[in-house]
Amino acid sequence: MPDRTARPPEVTPAVAKPSHIRYALIVFLFVITTINYADRSTFSIAGSAASEALGLNPVQMGFILSAFGWAYVAAQIPGGALLDRFGVKRVYVGAIALWSLFTAFQGFVGLIGGLSIVGSLFILRFLVGLAEAPSFPGNARIVAAWFPASERGTASAIFNSAQYFALVAFAPLMSWLVHEHGWRMVFWFMGALGLVAAFVFAKFIASPDRHPWVNAGELAILKDGGAVSMEARPRANAGGFSLARLKVLLTNRMLVGIYLAQYCINVLTYFFVTWFPIYLVKERGLNIVQAGFAAAAPALCGFIGGLVGGFLSDYLLKKSGDISRSRKIPIFVGMTLALSIIACAYVDQEWLVITLMAIAFFGKGVASLGWAVVSDVAPREYIGLAGGVFNMFGNTAGIVTPIVIGYIVAVTGSFDGALIYVGVHCLITLLAFGFITGKIERLKID
């Protein structure tokens with residue numbers, strides 16, 4: 001007779017297949033960052049029509065275009081500290097809502113008598129920059145929390161490539177809005193879109209361990225890959241923010257090289273999002289609709305280059321395990337290609353200018369690994385602060401570049417000197433990563 005007292009064999013529970021919510025999250029960050037950069041470029045798209053309607057000269061345009069950069073730079077360290085203190089979600093949602101409101105308000109400039117047009121535009125763009133300050137340090141912390149080290153290059157490249165896709169997606173649309181409905185409609189449309197994005201962000205974003213769609217398998221991948229806490233606060237015995245820790249971030253040789261390189265890379269960025277559409281209209285004789293579509297071609301190449309740089313960097317890291325070589329090789333290749341922007345000063349054909357710009361911005365995209373590097377090197381509990389310092393230096397280019405180019409164009413009557421000025425910064429980037437940065441590794445403050 002069979003032994004009825006015997007226990008059935010134990011069944012080992014199947015290990016749950018890891019979820020992949022982090023991939024949906026990076027797509028969402030890409031969309032938010034696309035809107036972020038589109039809001040930055042609103043005045044460059046609407047600038048030609050607005051300058052004629054409001055009577056603005058090139059020097060005034062240069063200062064108005066630089067206003068964003070003044071605030072964005074000044075608020076980086078406070079913005080990063082706020083992220084570390086109050087967490088990503090609350091700070092980021094508030095930032096999106098505020099910058100969207102200030103974008104919309106620019107559409108009312110000149111409708112109220114007695115107010116300085118230049119002053120009003122400067123202040124509103126200044127406030128947009130102030131509100132956007134926590135966005136990229138917030139992106140860096142989200143990527144550090146949601147992705148293992150072997151995927152951070154690609155993840156960072158995806159959200160960073162949104163700066164190019166913003167013009168691919170929105171330059172033709174904003175140009176059409178200017179043509180059909182006037183320059184003010186650009187600001188009103190983008191402001192409304194941003195408020196919708198803030199609402200969706202608040203509903204979707206959460207820490208991996210608190211997100212209802214993330215399972216234990218994906219959490220294990222993140223833990224084993226060195227992910228940090230998205231909403232981490234500094235340890236009680238670490239004392240929170242201090243000038244001593246800030247001094248380390250400002251004086252470390254590796255970080256200084258990274259800061260200098262990011263400044264130079266952003267010179268190309270800010271030429272592209274401020275003066276480039278105006279250059280196509282004023283220097284190359286395109287109308288506003290043609291300029292919008294022409295600007296989209298280099299932007300698309302920059303977007304593709306950004307993805308290529310991230311994939312290449314992570315591929316090299318998986319093959320070699322050498323994080324320095326894996327981050328630096330795409331940067332060296334990309335900045336070498338970006339030097340082609342100088343050649344635009346010496347050619348006349350519009351198609352050739354667009355081709356050279358496309359090559360330059362493809363290279364710039366490949367080299368745009370700064371945020372992946374920050375995720376790799378920032379102290380674990382101060383990623384917000386470290387990202388703020390990094391972004392402060394990088395976006396100083398947003399102050400300098402529009403003003404310098406404005407003066408170059410005003411004095412010479414041409415953009416040729418401006419193109420050479422931008423191209424020289426590609427060489428400085430190569431020198432910064434080649435001779436200053438040294439080995440890329442996680443910095444420990446305490």
Item checked: Out of LEU385, LEU337, LEU286, sole residue that is touching a residue at least 40 places away in the same chain (Cβ under 8 Å), of a type in the set (A, V, I, L, M, F, W, C) and surrounded by fewer than 22 Cβ atoms within 10 Å (Cβ to Cβ) -> LEU286
Margin query: Among the residues of the stretch 386-401, what is the count of those that are in a helix (DSSP H, G or I) and modelled with pLDDT of 85 or more?
Written below: 8
Check: Can you name the residue in the stretch 78-95 that is more than 24 Å from SER120 (Cα to Cα) and touching an Asp or Glu at 6+ places or on another chain (Cβ under 8 Å) and is also most open to solvent (accessible area, probe 1.4 Å) among such residues?
Finding: LYS89
Next item on the list: Would you mention how many residues in the stretch 41-50 are open to solvent by 10 Å² or more (accessible area, probe 1.4 Å) and either free of Cβ contacts under 8 Å to residues at least 40 places away in the same chain or farther than 15 Å from ALA294 by Cβ (or both)?
Entry: 1
Note to self: Against the definition (of a type in the set (Phe, Trp, Tyr), open to solvent by 60 Å² or more (accessible area, probe 1.4 Å), modelled with pLDDT of 80 or more and in contact with a Phe, Trp or Tyr (Cβ under 8 Å, 6 or more places away or on another chain)), how does PHE63 come out, yes or no?
What the structure shows: yes
Checklist line | Options LEU307, LEU300, LEU316: the member that is surrounded by fewer than 20 Cβ atoms within 10 Å (Cβ to Cβ), out of contact with any Gly (no Cβ under 8 Å at 6 or more places or on another chain), in a helix (DSSP H, G or I) and in contact (Cβ under 8 Å) with a residue 60 or more places away in the chain | finding: LEU300
Notebook entry, point to check: Condition test on ALA75, is it closer than 25 Å to VAL196 by Cβ, open to solvent by less than 20 Å² (accessible area, probe 1.4 Å) and free of Cβ contacts under 8 Å to residues at least 60 places away in the same chain?
Noted result: yes
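The values are calculated or read from the model by the stated rules, or taken from the named source; none is laboratory data. Keep in mind it's a predicted model, so treat the numbers as computed, not measured. Cβ coordinates were reconstructed from backbone atoms using ideal geometry, including for glycine residues, and neighbour counts include every protein chain displayed. Heads up: the accessible areas ignore ligands, DNA and RNA and are worked out on the full protein's heavy atoms, side chains in. Shrake-Rupley method; radii C 1.70, N 1.55, O 1.52, S 1.80 Å.
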